[in-house]
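Supplied in structure tokens, the structure appears directly below.
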Amino acid sequence: MQAVTPSIIHNFNAGPSILPKEVMEQAAAAILNFNNSGLSILELGHRTPEFTAVMEEAKALVKELMKLDDHHQVLFLHGGASTQFMQVPMNLLDQKETAAYADTGVWSSKAIKEAKLFGKVDIVCSSKEKNYNCIPTDFAVPNDAKYFHITTNNTIYGTQWQRIPQTSNVMVADMSSDILSRELDFNAFGLIYAGAQKNIGPAGVNLLVVNEQILGKTKRNLPTMMDYRNHIAEGSMLNTPPVFAVYVCLLTLRWLKALGGVAAIEKINNEKAALLYDEIDSNDLFTTQVVKKDRSKMNVCFTMKDSHLEIPFLEYAKANGIVGIKGHRLAGGFRASLYNAMPISSVQYLVDLMRNFKQSAA
Ligand SMILES: *Cc1c(COP(=O)(O)O)cnc(C)c1O
């Protein structure tokens, strides 16, 4: 018998991931007719006044939502977060200098691998031996490290820096999976990057925030497209930007502002995470390997005490319209991503299914 497709889908994908429904409706309309121009956003020249206005508003909204000062520049770049693994050390680190890195998961270790191509890397702390189930404590960052790189939220293992370490170094952060999800002193960072496809838009664009005072201090000759200063000078239009992806980011940023900004979404994100972790803690079928104080509010990783129940639960969830909760192959179990656009009603729905499953298993 053909399975019936549930009428409502609850999308817990880790990335690309859920976007607000109204954003998708507006994006769909703009594909047919952008701002009553008679043209699709897909066929609009990037130097037109229409698109220049999109880019300017998107940058201004990032500045406003993150409360950035005038030294911090906003760029929308190609290549995803992974390109930043190399572009950051290329711009900030000379071959004989050292950069400090925290190793807290798959994405951090990829960043470390790339940095080693451009200078020395000091891994000042690592949770690798604990299978990345926590955020390291008790470490020191040498004063002469050119910068200190952290991954604020570890998408695959479900841990998150709840407090940003205070050091005298230039702070660099990969915020791909928790950007704009909580209030932070974003001006305290020298550089922030985030692939858009987790929390701010579709795949194909990377948001970068950089304090221009930290640039231009290496002796390296940089290829034109790799030098942040060229992108800043051209207002993030050094070459053709990913026009549609930037537009959808703008729609999401407008949505976030209308909702009350970062402080408002943080409150909702806290409620969503508490709802799901409370169920994991109280439902005796479920558990989590992640150390409590380091639990991510964006990617909730959990397992079942009896691993034989994992496939049946996954099937049950799927049959009831839940998408994307299978854990990453390296972490196993389940992962429910609760990005900004995830409504609390969907989290409640998942929690209800976990309860029903327990009752039917009893
Ligand atoms: C998804 C992710 C990346 C990789 O992003 P791409 O845009 O695919 O390169 C890097 N870092 C973190 C923390 C991520 O979650």
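Nearest 0.05, what FRET efficiency do Val106 and Ala264 give at R0 = 45 Å with Cβ-Cβ as r? Let's see the in-between values first.
Details: r = 31 Å, r/R0 = 0.69.
Given R0 = 45 Å and the Cβ-Cβ separation, E is 0.90.
Right, another one. May I ask you to evaluate 6.51 cos²θ - 1.76 cosθ + 1.60, the Karplus curve with θ = phi - 60°, for each residue of the range 6-15 and list the ³J(HN,Hα) values in order in whole Hz, giving x for glycine and proline?
Karplus values, whole Hz, x for Gly and Pro: x, 6, 10, 9, 10, 9, 9, 4, 7, x.
So, one more: Sticking with the crude label model, points 7 Å out along Cα→Cβ, report the distance from Leu117 to Lys219 in nm, one decimal please.
2.2 nm
Work out, step by step, the length gained on full extension between Gln95 and Glu183: first 0.36 nm times the residue separation, then minus their alpha carbon distance; give nm to one decimal.
Using 0.36 nm per residue and subtracting the Cα-Cα distance, I get 28.2 nm.
Roughly how many Å² of Val248 are accessible to a 1.4 Å probe, to the nearest 10?
Its heavy atoms expose roughly 10 Å² to the probe.
Let me have the relative contact order for the range 124-220, percent, based on Cα pairs under 8 Å that are six or more residues apart.
Relative contact order of the range 124-220: 19 percent.
With label points built 7 Å along Cα→Cβ from the Cα atoms of Gln162 and His78, find their separation and express it in nm.
About 4.2 nm, to one decimal.
Follow-up question, since we're still on this one. Whole-Å semi-axes of the range 79-162's equivalent ellipsoid, largest first, each the root of 5 times a Cα gyration tensor eigenvalue?
Ellipsoid half-lengths, sorted descending, are 21, 15, 9 Å.
Further question on the same structure: Kindly provide log₁₀ I(q)/I(0) values, in the same order as q = 0.08, 0.09, 0.12 Å⁻¹, from the Debye equation applied to equal alpha-carbon scatterers of the chain.
Calculated log10 I(q)/I(0) at the listed q: -0.42, -0.53, -0.91.
So what are the ³J(HN,Hα) numbers for the range 63-75, from phi and the Karplus equation (6.51, -1.76, 1.60; θ = phi - 60°), rounded to whole Hz, Gly and Pro as x?
So the Karplus estimates, Gly and Pro as x, are 4, 5, 5, 8, 6, 7, 7, 6, 7, 8, 9, 10, 10 Hz.
Restricting to DSSP loop positions (anything but H, G, I, E, B) with no more than 15 other Cβ atoms inside 10 Å of their own Cβ, which chymotrypsin sites (Phe, Trp or Tyr not before Pro) remain in the range 41-149?
Numbers: sites: Phe51, Phe76, Phe85, Tyr101, Trp107, Phe118, Tyr132, Phe139, Tyr147, Phe148; in loops: Phe118, Tyr132, Phe139.
In loop regions of the range 41-149 (DSSP not H, G, I, E or B), the sparsely surrounded chymotrypsin sites (Phe, Trp or Tyr not before Pro) are Phe139.
Tell me which trypsin sites (Lys or Arg not before Pro) from the range 53-137 have a DSSP coil assignment and no more than 11 other beta carbons within 10 Å of their own. Working shown, then result.
On the way: sites: Lys59, Lys63, Lys67, Lys96, Lys110, Lys113, Lys116, Lys120, Lys128, Lys130; in loops: Lys67, Lys96, Lys116.
Answer by residue number: Lys96.
Let me know the charge dipole size of the chain about its Cα centre in debye, to the nearest 20, where only the beta-carbon of Lys, Arg (+1) and Asp, Glu (-1) is charged. List each step's numbers first, then the result.
Details: 35 positive and 35 negative charges, 113 e Å.
Approximately 540 debye in magnitude.
Normalise the Debye intensity by I(0) for the range 239-355, one equal point scatterer per Cα, no solvent, then take log10 at q = 0.10, 0.12 Å⁻¹ and round to two decimals.
-0.37, -0.51
Residues of the range 236-278 with the amide nitrogen closer than 19 Å to a label point 7 Å from the Cα of Ala29, along Cα-to-Cβ, please.
Residues 244-259 fall inside that zone.
Follow-up question, since we're still on this one. Which lysines, if any, have their Cα less than 16 Å from the Cα of Lys267, not counting same-chain residues under 8 positions apart?
Cross-link targets: Lys257, Lys297.
What number, rounded to the nearest 500 deg cm²/dmol, is the helix-based mean residue ellipticity at 222 nm of the chain, given -39500 (n - 2.57) per DSSP H run of at least four residues and division by all its residues?
Per the formula, -11000 deg cm²/dmol.
Ok, one more. Accessible area of the chain with a 1.4 Å probe: how many percent of it is carbon plus sulfur?
53 percent
Tell me the trypsin sites (Lys or Arg not before Pro) within the range 276-350 that lie in a loop according to DSSP and have at most 12 other beta-carbon atoms within 10 Å.
Here the trypsin sites (Lys or Arg not before Pro) that fit, given the DSSP loop and packing criteria, are Lys305, Arg329.
Identify all lysines with a Cα-Cα distance to Lys128 below 19 Å; exclude those on the same chain that are fewer than 8 residues away in sequence.
Leaving aside lysines fewer than 8 places away in the same chain, those within reach of Lys128 are Lys110, Lys113, Lys116, Lys292, Lys293.
Let me ask another. If the viscosity is 1.567 mPa s and the temperature 4 °C, what Stokes-Einstein diffusion coefficient in µm²/s follows for the range 1-125 when Rh is the Kirkwood radius over Cα pairs?
Details: Rh = 18.9 Å.
Calculated translational D: 69 µm²/s.
Quickly work out the Phe139-to-Thr52 label distance, labels modelled 7 Å from Cα along the C-beta direction, and quote it in nm with one decimal.
Label-label distance for Thr52 and Phe139, simple model: 4.6 nm.
A further question on this structure: Return a whole-number percent for the relative contact order of the chain, with Cα pairs under 8 Å and 6 or more residues apart as the contact set. Let's see the in-between values first.
Working: 668 pairs, mean separation 84.9, N = 362.
Value for the chain: 23 percent.
Here's another thing I want to ask about it. Give the cross-link partners of Lys63 among the aspartates and glutamates, using a straight C-alpha distance below 17 Å as the criterion and excluding same-chain residues fewer than 8 apart.
Excluding near neighbours in sequence, the set is Asp178, Glu183, Asp185, Glu212.
The values are calculated or read from the model by the stated rules, or taken from the named source; none is laboratory data. Computed from a predicted structure; not experimentally measured. Methodologically, a virtual Cβ is constructed for each residue, glycine included, from the backbone with ideal geometry; neighbour enumeration extends over all protein chains shown. For accessibility, only protein heavy atoms count, side chains too; no ligands or nucleic acids. Shrake-Rupley method; radii C 1.70, N 1.55, O 1.52, S 1.80 Å.
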